[in-house]
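Note sheet for the following structure.
The values are calculated or read from the model by the stated rules, or taken from the named source; none is laboratory data. Fair warning: this is a prediction, and the values are worked out from it, not measured in the lab. Here the Cβ is made from the backbone with ideal geometry for all residues, glycine too, and neighbour counts use every protein chain on show. With ligands, DNA and RNA removed, areas are computed over all heavy atoms of the protein, side chains included. Shrake-Rupley method; radii C 1.70, N 1.55, O 1.52, S 1.80 Å.
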Amino acid sequence: MQRRILLCDCLGSQSIDAETIAKATGARARPPARALCMEDLDLVARELAAGGELVIACAQEARRFADLAEELGLDAPPCIDIRDRAGWTDDGDAAPKMAALIAEALLPVPADKAIDVESAGSCLILGPARLSLPAAEQLAETLAVTVLLDPAEADELPLTRRHEVIVGRLARATGTLGRFEVQIDGFRQLVPGGRGGFGLTAPRDGAESGCDIILDLSGRPPLFPAPHKRDGYLRADPGDGNAVARAVLAAVQHVGTFEKPLHVRLEPSLCAHSRAGQPGCTRCLNACPTGAITPDGDSVAVDPLVCAGCGACSALCPSGAISYDAPPVSALIERMRVLAETFAKAGGRAPKLLVHDPEHGAEMIALAARFGRGLPADVLPLATATLAGFGHAEMLVALTSGFVRVDLLLAPGADRETIAFEAGLARAMGGADRIRLLDLADPDALCATLHEAGAEAAEAAAPPRVLALGSRRQMARLAATALLDGAAAVPLPAGAPYGAVNVDTGACTLCLACVSLCPSGALMDNPDLPQLRFQEEACLQCGLCAAACPERAITLEPRFDPTPAALSSRILNEEEPFCCIECGKPFGVKSTIERILERLAGRHPMYPDSAAGRAIQMCDDCRVRAQFARQDSPFASGERPRPRTTEDYLSKRRDH
């Protein structure tokens, strides 16, 4: 059965072209109703009862439509917002934009990957007695509460046994919701027996315990990086009574079984973190705000329970070892493609993409539509779960999917450093002035900025269209190559994951240590000749080659070469091979052998004369044969003794 779309002009406040929407989306769209949530609610009921795939173009009243479906014993229909994001605008025809938003919302959503996190409700409260003890009293009915008092407040012990009280100093805390581990120094436990006030045990250091929730009312520096992103860690300013009350209320909500999304996927074999003890790429380690990423040998490890899904690691990873998976990047690329293609199919021209987060950005757009000019009719909003994860690859792909400009509306808590770096990288790789970061908190300012830039972008030449395939790195190269359109290599910002390797041929001895450590195979040797070869397209600019080079002959040059030369290997350094003086087989490097002979001949006790130095000029096989042939060979032994026989033994017997 053909998918059906219920449209509503919201009391005549927006103009909707049902015919254009139906034609562009391939769905059946009846003329728009006036108020689906009020006098036309019976129409919704009839369409729901008719079965089939029904979509309602109204997100504001999604709860009302879900309740109606529940009364009818049916599944809640999907609801799409085309009013705040398209219909409420001072521009003219918004039908192409509406069709694009509907087509994008109808795409299948990949299933989220998640693991279960269980919290039994054991709660550790930190802070002064005046706050922690009353909070414990409130939570004691629903949680297993333990209050940690500072040794200076050891005389503040309450007489109640509704919750536990200990004394000590918190030395260390690790973990997350349901799996916190704490270490306490000066630990003293309550002694509830005896007359008078309760006593305490003798203090001891290094006491360890676990809990499910930590309620921090101490006012001290947070126990974890990015504390607002650490599940189960509730922190409040002790001077703000309302904040303390909210934290106490939130603690009650952290009991039960929860689904923790698996935000990223790790492929350790692709990681360029280190090799043979040499440090390499640390981009994800430096960017992770929660400390979820830690070194793990030659690769890194990601703690899925600590990961908050900011996506910065995915955008910065040069090799694709870490990729965002909630949803995968391919789903985001498909959404952009459908937006651009449907907009063009419905008659729209020169679309612009506005990338925003689902909270701050969505609210800004809604307020701008209700009380301001609304978004321009050619600006298509795209909500993404992670702004930092929308990296240079996604920006470049957007520009080659049909969009003439890409704007990122920053949220208050966005990782501005990562986003700015990725935007600068995308501009250098062909994005030029078509990529902007909008750090705005005023809906009117957002409208003004988007409307003022509309005419300039509309006059700009349409970017090339490229089918995005492969990994993020491959998609970025395809898009950048099309945008640069045959230009020569362009310089990139320091730290970029693309570039060349430059070798000082005067210092390089062709030891090939760099080749053995290169994680991507960008540096190669030649099994037949003393050569160091390089393929620029594969270089991650991880720095392992420069760190491993004993002569410090290697330097990195961040740049992007869109020409076919980057796809083929070139020789960085080569020398004449040295041929074995015995068999003539080439081995080693001539300059290196000659330099060794010059330094050792007559100076080293193992090479007192030129004859002994001949071994250095032989290949492996000939050198072994020469060693055995020498009269003073260290492998030679004395004459083998004659085997003793029975006759030898009998000849010594006196009775024989």
Task: For ARG653, solvent-accessible area (1.4 Å; no DNA, RNA or ligand), Å² - done: 120 Å²
TODO: Pick out, in residue order, every one of the trypsin sites (Lys or Arg not before Pro) in region 284-365 that is DSSP loop and has at most 12 other C-beta atoms within 10 Å; say none if there are none.
DONE: ARG349
TODO: Could you tell me which of ALA479, LEU600, HIS451 has its Cα farthest along the dipole of the chain towards the positive end, charges placed at Cβ (Lys, Arg +1; Asp, Glu -1), taken about the Cα centre?
DONE: LEU600
- [ ] For HIS228, tell me the accessible area in Å² from a 1.4 Å probe, rounded to the nearest 10.
- [x] 150 Å²
TODO: At a temperature of 37 °C and a viscosity of 0.692 mPa s, determine how fast region 61-130 diffuses translationally according to Stokes-Einstein, using the Kirkwood radius over alpha-carbon pairs as Rh; express D in µm²/s, rounded to the nearest whole number.
DONE: 192 µm²/s
Task: Overall Cα dimensions of the chain, principal axis frame, Å, largest first - done: 128, 88, 52
TODO: Determine the share of the chain's accessible area contributed by carbon and sulfur atoms, expressed in whole percent, with a 1.4 angstrom probe.
DONE: 51 percent
Open item on the list: Quick check on the chain: helices-only [θ] at 222 nm, where DSSP H runs of length 4 and up contribute -39,500 (n - 2.57) each and the sum goes over total residues. Nearest 500, please.
Closed with: -8000 deg cm²/dmol
TODO: Calculate, for the chain, the solvent-accessible area per residue in square angstrom, rolling a 1.4 angstrom probe over the heavy atoms of the protein chains.
DONE: 49 Å²
Task: Cβ-based charge dipole, region 396-445, positive-most Cα from VAL397, ALA411, LEU440 - done: VAL397
Task: Loop sites in region 133-240: GluC sites (Glu not before Pro), DSSP, at most 13 other Cβ within 10 Å - done: GLU141
Task: Under the span-like rule (Cα at least 20 Å along the axis, Kyte-Doolittle mean at least -0.5), DSSP H helices of the chain - done: 329-345
TODO: Treating only the Cβ atoms of Lys and Arg (+1) and Asp and Glu (-1) as charged, compute the dipole magnitude of region 1-144 about its Cα centre; round to the nearest 20 debye.
DONE: 280 debye
Task: Long-range HN-HN contacts of VAL589 with modeled amide H, under 5 Å - done: PHE578
Open item on the list: Suppose every Lys and Arg Cβ carries +1 and every Asp and Glu Cβ carries -1, with no other charges. What dipole size does the chain come out with about its Cα centre, to the nearest 20 debye?
Closed with: 1980 debye
TODO: Mind ranking ARG373, ARG283, ARG4, ARG599 by accessible surface for me, highest first, 1.4 Å probe?
DONE: ARG599, ARG373, ARG283, ARG4
- [ ] List every residue whose amide H lies under 5 Å from the amide H of ASP415, counting only residues 5 or more places away in sequence or on a different chain, with H placed 1.01 Å from N in the peptide plane.
- [x] ALA388
Task: Candidates per trypsin sites (Lys or Arg not before Pro) in region 62-137, loop by DSSP, up to 14 other Cβ within 10 Å - done: none
Task: Global size of region 318-422 as Cα Rg and Dmax, reported in angstrom - done: 14.0, 45
Open item on the list: What percentages make up the Cα-Cα pair-distance distribution of region 224-337 when the bins are 10 Å wide from 0?
Closed with: 13, 35, 27, 18, 7, 0
Open item on the list: Rounded to the nearest 20 debye, what is the charge dipole size of region 48-96 about its Cα centre when +1 sits on each Lys and Arg Cβ and -1 on each Asp and Glu Cβ?
Closed with: 60 debye
Task: region 112-244, Rg to Rh (Cα coordinates; Rh as Kirkwood inverse mean 1/r) - done: 0.97
TODO: Check the chain and count each lysine pair with an alpha-carbon distance under 28 angstrom, considering only pairs eight or more places apart or from different chains.
DONE: 8
TODO: Just round it to a whole percent: the fraction of Cα-Cα distances in region 1-83 exceeding 19 Å.
DONE: 30 percent
- [ ] Count charges around ARG570 for me, please; just the other residues with Cβ under 10 Å from its Cβ, Lys/Arg as +1, Asp/Glu as -1.
- [x] 0
Open item on the list: Name the residue from VAL248, ALA173, GLY193 whose Cα lies farthest towards the positive end of the charge dipole of region 164-274, charges +1 on Cβ of Lys and Arg and -1 on Cβ of Asp and Glu.
Closed with: GLY193
Open item on the list: Heavy atoms of the protein only, probe of 1.4 Å, neighbouring chains included. What is the accessible area of PHE628 in Å², nearest 10?
Closed with: 130 Å²
